[in-house]
Amino acid sequence: MATPMTTEESFLWQVARSWRQPDSLEVPGDLDWERIAEVAIPNRMATLLRNTLQTAGSWDLVPEAPRGAIEESVDRLAANAELLGRSLSQYLEKAGSRGLDTVVLKGLAISCNVYGDAAMRPGGDIDILVPRSQVGESIALLDEMGIGTFWPNLMADPYYERHHLHHQRSDPDLKVWYEIHWALDHPYTLLTIDYDDILQRASLGELLGAPVRELAPPDLILSLAVHLVKHAVYLPDAHQRSDLPRLVLADGMLMYYLDIAETIHVYRDSLDWDALAGLARRSGTVAIIGSVLRACRTLLGTPVPDTVLEGLPVPASGALTRYAMHKVVDREIAQYLGEPPSRFWDAMLVTNGAFILRPIRLLESAAYFLPPGEYFRRRYGRSSMFLRAGHVLRALFQFSRFAFDSVYFAIERHLRLKRIGYNTSLFNRLETEG
């Protein structure tokens, strides 16, 4: 049985729920502020926490050391927002003048549009979604801005084009990073997201004083939910766990959930719940969106109607997947509590530069070989033995090519790094999912 949350954990969730009404915040007198800072900072809560405490008149209660750590994180987020914001504004102006469609995902867009503060929770990079047909033009524009392949650890572009969801580019100092997305997840899933439709539904807006395409509220929630579960891959199997609040903190994901809860708050008067449910069914994200909305309602009191949750059931996974996901959760919580981590489950969660799919996600991708009939109906409008057989052959070809490309491009990168004097292993680590 899960142990109850600590006073510090409960307080951080209270901050997340009450930041819009800081006068309602109750600050216990026996808080371990060192622990508060230790948990809040990796959860990207520093600005939210500091601002809420200041408005509530409780900031002076924080001792000097944890207050300094929180302020340092706040300053770092603000500096990052300014640096990334200047670059993004320049990109959007140039893209707009050339007729390129650009949606800004997460990060700065959520900070500005949902929280009203660019420095609230900027990401470590700039994520943009563009039509696949405009990826080359987007990269060319970034080249003109001095944003290119300056990190030698990157694999060659064809590898990402075949097996991934975005390209990465950076400035020479590796301080400004872009991810140019044409999708929200890798191609070996059962998702059938129609990106052309999403971009057609996007409306013309403004971000940082520059033109941008803004996702319709259901599409925005879809994008945030898919991104969250791409990282918290265990959520559909763990959303009913009693220790979910601690798990979210352990995984550094609190602001990811708050982003979705606050997006619903901002668009509450115009959000079409039926459209969101229909989008989830068409895109194969029923379990993803259903589990995220349930978690937001449970953890943050998000007003999600019962009828919406009834229409977005979260089916149980297979026994092996369910077992593995709960092991992942146990590992995250154990590590958070300072207990010795499992080397095996550490290996299952590693992100390696040669392999787009983390080992734990291979369980999810295994279903891609023999998908259910509803996948074919979503993708092709019908299901037949001919389609099923053709898909199996296609999946075998894709994964064979993936395996070959993983080795081929890893060797190419290894030789390239060796030529420029880098001492690196063949399959060195590469974080590609910021």
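In table form, for the structure just shown:
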item: Which of LEU235, GLN134, VAL329, positive extreme of dipole for the chain (C-beta unit charges); result: GLN134
item: Rounded to 5, the percent of DSSP beta bridges in the chain classed as antiparallel; result: 75
item: Under 28 Å between alpha carbons - lysine pairs in the chain that sit 8 or more apart or on different chains; result: 7
item: Accessible carbon and sulfur surface of the range 74-221 relative to its total accessible area, %, 1.4 Å; result: 48
item: Whole-number Å³ per residue for the convex hull built on Cα positions in the range 95-210; result: 126
item: Centre separation in Å (Cα based) which lies between the range 89-164 and the range 306-339; result: 32
item: Rounded percent of accessible protein surface that carbon and sulfur make up, the range 252-313, 1.4 Å probe; result: 49
item: Accessible area of the chain divided out per residue, in Å², using a probe of 1.4 angstrom; result: 44
item: Histogram of C-alpha separations across the range 160-257, 5 Å bin width, %; result: 2, 10, 15, 18, 20, 17, 11, 5, 1, 0
item: Helix-only CD estimate at 222 nm, as mean residue ellipticity for the chain, using -39500 (n - 2.57) per DSSP H run (n ≥ 4); result: -17000 deg cm²/dmol
item: For GLN335, net neighbour charge (Lys/Arg +1, Asp/Glu -1) across residues whose Cβ lies under 13 Å away; result: -1
item: Three-way shape label, the chain, alpha-carbon gyration tensor, a/c 1.5; result: rounded
item: Length released on extending from ARG416 to THR192, taking residue separation times 0.36 nm less the Cα-Cα span; result: 77.0 nm
item: Point-charge dipole on Cβ atoms (K/R +1, D/E -1) for the range 55-104, about Cα centre, debye to 20; result: 340
item: Three-way shape call for the range 1-158 based on the alpha-carbon gyration tensor, with the a/c threshold at 1.5; result: prolate
item: Kirkwood Rh in Å, taken over the range 47-91 so that all alpha-carbon pairs contribute; result: 11.7
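The values are calculated or read from the model by the stated rules, or taken from the named source; none is laboratory data. Remember, it's a predicted structure, so these values are computed and weren't measured experimentally. Glycine also receives a Cβ, built like all others from the backbone with ideal geometry; neighbour counts cover every protein chain displayed. These accessible areas exclude ligands, DNA and RNA; they are computed on the full protein's heavy atoms, side chains included. Shrake-Rupley method; radii C 1.70, N 1.55, O 1.52, S 1.80 Å.
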